[in-house]
Amino acid sequence: MKLNVDFELLWARVNQMGAERLNIDVGEVWQDSDFEFDDQLSSSGIEVKLDELELEEGLLSVRGRQVVLYIPDQGSGIDNVLSAPEKGRKFHIADCTTLNEMKKRKRFERYKVTNNMSGEFEVYGNSKFNGVTEGVAALDVCQNCINMLNYKGAENLSKMDRVKVVKSFDFVEFFTTYSSLFKRLPKQNIKEIKKGYSADWDKISSSIRKSVSYSCQHCEVNLSSVKRL
């Protein structure tokens, strides 16, 4: 981007001092590398290894961005996944027991992270009929992740109700719920994520504040005497 700035007053002071004018070539044009990163993260996603993930309160993140993790390679089940996405490998939103088990087994498959909020994932696999096949599938969220975060009070729900949480999982609502923990919001649907909090925000907020004894986990100030703050 070309900048048009009037330096008339500056040059007037330079001339007043009798200083010599120098022409400076800054060389390469500066570009925001994060722009390309965010663009890819919110579209096709970025390949990572499990040990490259960062954690924030149990949530998955990469370079300060909240993300979800999934396996694009659906193997020989690709035909079923494309016709019935709930049969596919689940996507992860937290550092759950499933991911920890994979870490122990050192199963560094080709994972991808994304903060695309469309709810659809680019997948591929070996079709029985068409060889290597690619497509898009609305995969289900991992129930262990839901339980680990106690998302929407999952710990106190029946098995049937937890399944309902999985089936009704909404990406915009999910990213909105935890947006205050991250410096950067997802590039996609940024307006939607700023609209407000999830319906059960009061319960989530109260649970989190109680769990840390009303102490800020960054500056360590204790607000137990003024809980409203």
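Remarks
- Residue that is farthest from Phe175 (Cα to Cα) [pool: residues in the range 103-115 that are buried (at least 17 other Cβ atoms within 10 Å of the Cβ) and of a type outside the set (S, T, N, Q)]: Tyr111
- The test for being farther than 24 Å from Val163 by Cα and either part of a loop (DSSP other than H, G, I, E, B) or open to solvent by less than 20 Å² (accessible area, probe 1.4 Å) (or both) does not hold for Ser118.
- Residue match in the range 129-150 (condition: in contact with a His (Cβ under 8 Å, 6 or more places away or on another chain), assigned to a helix (DSSP H, G or I) and of a type outside the set (Ser, Thr, Tyr)): yes
- On the stretch given as the range 177-206, residues that are open to solvent by less than 60 Å² (accessible area, probe 1.4 Å), assigned to a helix (DSSP H, G or I) and at pLDDT 85 or above total 2.
- Every residue from the range 108-136 that is of a type in the set (Gly, Ala, Ser) and closer than 17 Å to Ile93 by Cα: Ser118, Gly119
- Scanning the range 148-158 for residues that are open to solvent by 60 Å² or more (accessible area, probe 1.4 Å) and touching a helix residue (DSSP H, G or I) at 6+ places or on another chain (Cβ under 9 Å) yields Met148, Lys152, Glu155.
- Selection count where residues are within 16 Å of the chain's Cα centre (by Cα) and touching a residue at least 60 places away in the same chain (Cβ under 8 Å), scope the range 142-170: 1
- Scanning the range 131-147 turns up at least one residue that is open to solvent by 30 Å² or more (accessible area, probe 1.4 Å) and among the charged types (D, E, K, R).
- Ser76, sole failed condition from (1) among the hydroxyl-bearing types (Ser, Thr, Tyr); (2) buried (at least 16 other Cβ atoms within 10 Å of the Cβ); (3) free of Cβ contacts under 8 Å to residues at least 60 places away in the same chain: (2)
The values are calculated or read from the model by the stated rules, or taken from the named source; none is laboratory data. Predicted model only: the values in this text are computed from it and were never measured. Using ideal geometry, Cβ is built from the backbone for each residue, glycine included, and neighbour counts are taken over all protein chains shown. Heads up: the accessible areas ignore ligands, DNA and RNA and are worked out on the full protein's heavy atoms, side chains in. Shrake-Rupley method; radii C 1.70, N 1.55, O 1.52, S 1.80 Å.
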